[in-house]
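Colleague: Could you have a look at this structure, given as structure tokens, before my questions?
The values are calculated or read from the model by the stated rules, or taken from the named source; none is laboratory data. Model, not experiment: these values are computed from the prediction. Ideal geometry is used to build each Cβ from the backbone, glycine not excepted, and the neighbour counts take in all protein chains shown. Note: accessible area is taken over every heavy atom of the protein model, side chains too, but ligands, DNA and RNA are not part of it. Shrake-Rupley method; radii C 1.70, N 1.55, O 1.52, S 1.80 Å.
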Amino acid sequence: MLNPADTAFAAHLAALLPDGTLSPPEPRYLVEPRGRYFAAGGVLAQPRNSAEVATVLRACHAARVAVVPYGGGTGLVGGQISADGPTPVILSLERMAALRQIDPVSNVALVEAGAVLADVQAAAEAVGRVFPLTLAAQGSARIGGVLATNAGGVNVLRYGTARDLCLGLEAVLADGTVIGGLKRLRKDNTGYDLRNLMIGSEGTLGVITAASLRLYPRPAREGTMFVAVPGPAEALALLALAEARLTGCVSAFELIHRQGLEFLAETMPDLRQPLQPAPEWAVLVELGLPAGLEPEPALLGLYEAGQAAGLVSGGIIAQSGAQRAEIWRLREAIPEANKRIGSISSHDISLPLDALAGFIAQAGAALARLGDYRINCFGHLGDGNLHYNVFPAPGRNRASYDAERGAIKTLVHDLVDAMGGSISAEHGIGRMKVADLERYGDPGKLAAMRAIKAALDPRGILNPGAVLRQR
């Protein structure tokens, strides 16, 4: 049983830490972005280094007080909010935001867990490198949270997820033990890979405090194309064509449905849309090319080959950096438009590429039989990650669908599972999907996860109720 972070415990913890480390939590620490999870309170700890993080965890471990790690607060599955149980210590890493080293020779950045993703990107850019992890929330998401959830983003096709971009990390275990692993090696076979164990664990096995991240040379030239396609199957065929013609140069390949463009027109009418009328399906293609290759001819060649194969029915190739930014602004604004409309049920899923078009057709037909909905399906086509969101019919609000939300989610997730997909592609499990993990997860894997949790956090203080049900 866990104990609350009450006044007596707060006084004890404060005596172990420098002045100003503890405080009552501001409201922003007590609610997640969608307003679905609310915390009752707790104690906010804002350590300045890993030694202070270790002090906090050591004291909480001894007193059986829960600890909820907090990065930028941008997670969408409730992983950063403890809504049940005794009040916890909310452990914010925002004061640990140093960019310790940006090394363009080794192509490595050593950063603390509280560093904002956009700041890491800017620091890499300043030395002619890129840190390619790109998210809509990059202006507030922090590196510790990005790694703890194994975030993806639009460039996974070329560069991989957060896991693929991390060479080493420093973390603190539940009992205050510090794991020092800030190596910059591409090869290190010295025993168990604790780095990969911590990445994606959502703060349930340890608290990430610093990381060594992979940087890449900045492409000499970049190009963007926005084209209409007949459907998801043709979009996948165009992706295969792009990778065959421009191997290793396709940075992003985003699928966008007409419903998303209509939501943008409804909620953000000043945002210019490149194709009118809005196509039923569209694809945004981003290239990053080495010196000696020009993006416009490369994209034009892809466009013409796609058109000849019946895969493309119109589009534009960006002629300037400003036009590229305008096209990307359209894609990046879709989640905000979704938020303004208000979804009934949102799904972050992934599927094998050969099942993706079939899923979209079957899920749409099944939902049409279930009720009157609008579906906004968009996402990172190259890695099979779809954001499949279900919205009210025009003139209705999502509250009138409360009784249907569970059936919608079950329908979508059952079909994803039947097709060999995942019910959580890049947002993690958090608290929102704990029951889903139990329903769809492999029993052997779940048993192993529980054994690892019990070994590293025997008192269950680290983010209790996230990923695995508290027992």
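Colleague: Hey, any hits in the stretch 28-49 for a residue that's without any contact (Cβ under 8 Å) to a residue 12 or more places away in the chain, on the phi < 0 side of the Ramachandran plot and part of a helix (DSSP H, G or I)?
Modeller: no
Colleague: Taking into account only those residues within the stretch 134-163 that are over 15 Å from A425 (Cα atoms) and assigned to a loop (DSSP other than H, G, I, E, B), which is most open to solvent (accessible area, probe 1.4 Å)?
Modeller: Restricting to residues being over 15 Å from A425 (Cα atoms) and assigned to a loop (DSSP other than H, G, I, E, B), the top hit is A136.
Colleague: Then there is this: Hey, T74 hits all of (1) within 18 Å of E26 (Cβ to Cβ); (2) in contact with a Cys (Cβ under 8 Å, 6 or more places away or on another chain) but one; which does it fall short on?
Modeller: (2)
Colleague: Then there is this: Which residue pairs have Cβ atoms under 7 Å apart, sit 6 or more places apart or on different chains, and have a first residue in the stretch 436-457 that is hydrophobic (A, V, I, L, M, F, W, C) and a second that is modelled with pLDDT of 95 or more and surrounded by 15 or more Cβ atoms within 10 Å (Cβ to Cβ)?
Modeller: L437/I429; M449/L468; I452/L205; L456/L173; L456/A174; L456/L205; L456/G206
Colleague: Something else about it: From the list V283, V312, which one is outside any loop (DSSP other than H, G, I, E, B) and touching a helix residue (DSSP H, G or I) at 6+ places or on another chain (Cβ under 9 Å)?
Modeller: V283
Colleague: Here's another thing I want to ask about it. In the stretch 100-112, is there at least one residue being outside any strand (DSSP E or B) and either open to solvent by less than 10 Å² (accessible area, probe 1.4 Å) or under 15 Å from G430 (Cα atoms) (or both)?
Modeller: No: the stretch 100-112 contains no residue that is outside any strand (DSSP E or B) and either open to solvent by less than 10 Å² (accessible area, probe 1.4 Å) or under 15 Å from G430 (Cα atoms) (or both).
Colleague: Report those helices (runs of 4 or more DSSP H) wholly inside the stretch 343-445 carrying at least 2 residues which are modelled with pLDDT of 95 or more and closer than 28 Å to E32 by Cα.
Modeller: Where helices (runs of 4 or more DSSP H) fall fully within the stretch 343-445 and carry at least 2 residues being modelled with pLDDT of 95 or more and closer than 28 Å to E32 by Cα, they are 405-418, 434-440.
Yes or no, residue by residue, for (1) touching a residue at least 40 places away in the same chain (Cβ under 8 Å); (2) under 19 Å from G180 (Cα atoms); (3) assigned to a helix (DSSP H, G or I); (4) of a type in the set (A, V, I, L, M):
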position	(1), (2), (3), (4)
A54	yes, yes, yes, yes
H61	yes, no, yes, no
P69	yes, yes, no, no
G78	yes, no, no, no
G85	yes, no, no, no
I90	yes, no, no, yes
E94	yes, no, no, no
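Colleague: So P18 passes all but one of these: (1) surrounded by fewer than 17 Cβ atoms within 10 Å (Cβ to Cβ); (2) within 20 Å of G180 (Cα to Cα). Which condition number does it fail?
Modeller: (2)
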